[in-house]
Every structure is written in C-alpha cells, then in structure tokens.
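Here the structure is laid out as structure tokens; the discussion comes afterwards.
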Amino acid sequence: MREVAGYCKRNGQNFRYETGQETPITLVRAIQDVGLDNQGVNFDLANLILYGRRIGGRHRTARPYVQGIHAKDGLWPTNPRELGRKFPLARVR
C-alpha cells in the first residue's frame with residue numbers, strides 16, 4: 001500500500017481505502033502505518049451493509065480520514081456464503 005500511495009502522492013493524487021470488510025480501526029491503522037498524508041477513506045455505507053457489518057459509533061474512528069462517499073443502497077446478506085444485494089440509492093425492494 002505504501003508503494004501505491006507513494007506513487008499517487010508523486011502524481012498529486014490521493015489514495016483512498018474503501019469501507020467494506022475491514023473495520024474502521026483497521027483502515028486507520030493502515031493509513032497510520034503507511035504514513036503518507038495523501039491517504040483517506042471513501043465511506044461506502046452500502047458496502048458495510050453488503051458485508052454484514054454492524055453500523056454504529058465505531059465508524060467515528062475513521063471520520064477524520066473520510067475524503068469521499070459512495071451513495072447506494074443495499075440489503076443485508078441472508079445467505080452466509082453471499083454478499084447482500086446492492087441497488088441504486090433509494091431503490092431497495
């Protein structure tokens with residue numbers, strides 16, 4: 001990750017981690033371990049739902065690093081071997 005984030009930095013770009021399977025603290029640790037100032041988090045609430053992650057106050061840990069969001073909807077997984085279903089925003093059925 002350091003190599004890719006470094007490449008982005010040299011090109012004047014930010015490198016964003018996307019919420020999903022990892023916990024917020026894992027994302028923050030990765031950012032801190034890489035140690036470059038061009039990293040951030042793309043907060044995707046639907047990804048958290050699709051992976052069956054609980055949503056709550058613990059996501060505040062990543063708040064200072066949020067640089068973008070994805071807006072889509074999703075349904076919680078009902079089969080332990082599959083992700084939940086994703087939909088365009090406000091189109092869950």
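The values are calculated or read from the model by the stated rules, or taken from the named source; none is laboratory data. Just so you know, these numbers come straight off a predicted model, no measurement behind them. A quick note on method: Cβ atoms are made from the backbone with ideal geometry, for glycine too, and the neighbour counts reach across all protein chains shown. Ligands, DNA and RNA are excluded from the accessible area calculation, which covers all protein heavy atoms including side chains. Shrake-Rupley method; radii C 1.70, N 1.55, O 1.52, S 1.80 Å.
For beta carbons closer than 6 Å, sequence separation of 6+ or different chains, a first residue in the range 27-52 that is open to solvent by 50 Å² or more (accessible area, probe 1.4 Å) and a second that is part of a loop (DSSP other than H, G, I, E, B) and among the β-branched types (V, I, T), the qualifying pairs are F43/T19. Criterion applied to I25, I31 was being of a type in the set (A, V, I, L, M) and touching a strand residue (DSSP E or B) at 6+ places or on another chain (Cβ under 7 Å), and the one residue passing it is I31. Taken over the range 1-48, the criterion of being among the basic types (K, R) and either farther than 26 Å from P88 by Cα or more than 11 Å from the chain's Cα centre (by Cα) (or both) is satisfied by R2, K9, R10, R29.
Within the range 50-67, one or more residues are under 14 Å from the mean Cα position of the chain (by Cα), of a type in the set (A, V, I, L, M) and assigned to a loop (DSSP other than H, G, I, E, B). Scanning the range 21-78 for residues that are among the aromatic types (F, W, Y) and modelled with pLDDT under 90 returns F43, Y51, W76.
One residue is enough: does the range 65-75 have a residue meeting the conditions out of contact with any strand residue (DSSP E or B) (no Cβ under 7 Å at 6 or more places or on another chain) and open to solvent by 90 Å² or more (accessible area, probe 1.4 Å)? The answer is no; no qualifying residue exists. Every residue in the range 80-91 that is open to solvent by 60 Å² or more (accessible area, probe 1.4 Å) and either out of contact with any strand residue (DSSP E or B) (no Cβ under 9 Å at 6 or more places or on another chain) or over 27 Å from N14 (Cβ atoms) (or both), please. Selection gives P80, R81, E82, R85, A90, R91.
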